[in-house]
Amino acid sequence: MSAAEAPICGACFGTDLSLWAEARDIEYFSVPESFSYFQCRSCGALSIFPVPENRLGAIYPSNYYSFAAQSQSFAEKIKEQLDRRIFSSLFREIGGEFMAYFDLQDPQSLADLIMRFLQSGQFPAARDVADWRWIDWHEASAQLAERTVRNAVQAPLAPARPHAHCP
Ligand SMILES: [Zn+2]
């Protein structure tokens, strides 16, 4: 099997790509080497190049959650549910009002979104993606502070206890 000489866009098969990032697997630490990601100048999609075809078994180990759908134990099932909740809450954090969301347990909610999209021609998100922009560090810090305070206020208070060293 011979690798292609130049990166090719995996989405549109365009050949005009520029290096976007060098990255390593920091979530699972599956392999030590870094990989190069290229961005397509035509469609914007990111592609990895060269595709590490002979390393997929190492990059996607059996504990990789997308491939661990058939959990056996009760504890694993609970962990999987928690992972999904965290994943979807992260997605809402990032995507905000510019994404459309559906309930994984309710396929009809996805079908409804698709039908709305087809009938109206408008992506079924609360806000138009044309209004979307990156936030700067100042805004990101303010958002982090605001959410930290909000979560701290919502967190249940620990029962009051006398200080260990006080009578
Ligand atoms: Zn492309």
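Bear in mind these aren't lab numbers, they're just calculated from the coordinates by the rules spelled out. All values reported here derive from a predicted model rather than from experimental measurement. Note that each Cβ is placed from the backbone with ideal geometry, even for glycine, and that neighbours are counted across all protein chains shown.
So here's what we get for this one:
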| quantity | calculated |
| --- | --- |
| Mean Cβ neighbour count within 10 Å, used as a protection proxy, ranking 7-15, 113-121 highest first | 7-15, 113-121 |
| Residues residue 5 and residue 97, FRET efficiency given R0 of 35 Å [Cβ-Cβ distance, rounded to 0.05] | 0.25 |
